[in-house]
Amino acid sequence: MTSDRPLLFKNACLVDPASGREETGGLLVRNGLIADVGAQLTSVADAQIVDCEGQVLSPGLIDMRAFIGEPGAAHRETLKSAGEAAAAGGVTTIVSMPDTNPVLDDPAIVDFVRRRARDNCLVNVRPAAALTKGLKGEEMAEIGLLKDAGGIAFTDGARSVTNAQVMRRALTYAHDFDALIVHHVEDPDLVGQGVMNEGEFAARLGLLGIPREAETVMLERDIRLVRLTGGRYHAAMISTADSAEIVQAAKARGLPVTCGVSINNLALNENDIGDYRTFLKLSPPLRHEDDRQAMIEALADGTIDVIVSDHNPQDVETKRVPFAEAADGAVGLETLLSAALRLVHSGRLSLPKLLRALTLRPAEILGLPGGRLSIGAPADLIVFDPDAPYVVDKRQLHSLSKNTPFDEARLEGQVTLTMVAGRIVFDRHTM
């Protein structure tokens, strides 16, 4: 189905996070765009047909936080393998982090990644450029030039900018260039040698803990700097009830603040670490169940804007070691949707509200045209069965690395088809 003929999805459960539409109908794709959509759309002359058989048709997911090894660590993940994993999981746009080698702190490197992704990746890749040179947190990167080269946002990835003066300057420049600052809110000095959430469970395992204040202290500082500068700010991932209250208060004051949450902190808690499972060593760490519940509530009331996979491939050498020595990170592109659907199946969120956090809100924050089923929008679409059960087998994942925290988990919800710019890039029926 790669000809220039229009393509009609029929018998679909249309779920549009932008309009709140949830109805049975059809959607017509022509020239890579949505040409028509609605309950009345049942047939179109000369169109190719995809019968959705009652499955959900929605915008493709937009993942605002994914680490890809290329360039510099292609043994962990390439743009090609990341694209295959994303397509299988219903992710049609990836925001790649600048933690590469070389770092994405030079316009030429940003342009290289964009071109490399265009030629090798099945899905859209929008690189986030470095906030500071070399990700060292000492000297601000050239925000204007990097934005012109295609940097969609500015972040130091998994590192925090501890120098308040540098962050103030960055937010000031971001305001002038209408750029988005995305920050990993974790004070490394408070983290210290900690490797998991501080509390009773860490003490029982004999592991050093990371206090919740490592997150909230940094977040509080950043919010005050946003109030000082007016720069657009996005907290990459929050994980505690206190952080949700801080963001909620900032939004109530009208500050240009948004935030995300990792699917891991929505679906798992510290007890899942069990007998030192290193695939669950993450940053931010898995928290107490009370904090997990607070994250779900904050997502439901709109305090949390987006859900991210925090896809961070690690190889065997960095995970098959004692827990305290293991690297942070887990793969997540392929399981993002099905793990998130747990919130729908448990009655905590409606499907349109969940998809809003996975599609429309990321598009709005990043200034992208996708995330909606409307005429003229890009045909970045997915068809999925929200009730299809399966057991996660890490050996079947498309990612080069297999460090999934959901290995052997029973999940519901499988992507049947993924389309990017009007081209089908994944079809489960032809695998």
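A few points about this structure:
- All positions within the stretch 267-299 that are polar (S, T, N, Q) and outside any helix (DSSP H, G or I): Asn269, Ser283
- The one condition from (1) over 28 Å from Asp305 (Cβ atoms); (2) part of a loop (DSSP other than H, G, I, E, B) that Pro98 does not meet is (1).
- Of all residues making up the stretch 267-297, the number that are charged (D, E, K, R) and either surrounded by fewer than 19 Cβ atoms within 10 Å (Cβ to Cβ) or under 17 Å from Lys319 (Cα atoms) (or both): 7
- Check on Asn264, buried (at least 24 other Cβ atoms within 10 Å of the Cβ) and either in a helix (DSSP H, G or I) or polar (S, T, N, Q) (or both): yes
- Residues that are surrounded by 17 or more Cβ atoms within 10 Å (Cβ to Cβ) and β-branched (Val, Ile, Thr) were ranked within the stretch 125-171; the one that is farthest from Leu228 (Cα to Cα) is Val125.
- Residue match in the stretch 317-328 (condition: in contact (Cβ under 8 Å) with a residue 40 or more places away in the chain, within 27 Å of Ala174 (Cβ to Cβ) and surrounded by fewer than 22 Cβ atoms within 10 Å (Cβ to Cβ)): yes
- Identity of the residue in the stretch 224-251, farther than 26 Å from Met196 by Cβ and within 19 Å of the chain's Cα centre (by Cα), that ends up surrounded by the fewest Cβ atoms within 10 Å (Cβ to Cβ): Arg232
- Scanning the stretch 200-212 for residues that are in contact with a Ser or Thr (Cβ under 6 Å, 6 or more places away or on another chain) and either in a helix (DSSP H, G or I) or surrounded by 15 or more Cβ atoms within 10 Å (Cβ to Cβ) (or both) turns up at least one hit.
- Options Gly371, Gly302: the member that is over 12 Å from the mean Cα position of the chain (by Cα), in a loop (DSSP other than H, G, I, E, B) and without any contact (Cβ under 8 Å) to a residue 24 or more places away in the chain: Gly302
For (1) buried (at least 23 other Cβ atoms within 10 Å of the Cβ); (2) among the aliphatic types (A, V, I, L, M); (3) farther than 17 Å from Gly332 by Cα, each residue gets a yes or a no:
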position	(1), (2), (3)
Ser374	no, no, yes
Asp387	no, no, yes
Asp393	no, no, no
Ser399	yes, no, no
Lys402	no, no, no
Ile424	no, yes, yes
Thr430	no, no, yes
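- Residues that are farther than 30 Å from Pro386 by Cβ and touching a Phe, Trp or Tyr at 6+ places or on another chain (Cβ under 8 Å), drawn from the stretch 84-127: Asp99
Read the figures in this text as sums done on the coordinates, not as results from a lab. Here the structure is a predicted model, which is why all the values come from computation and not from measurement. We place every Cβ from the backbone using ideal geometry, glycine too, and count neighbours over all the protein chains shown.
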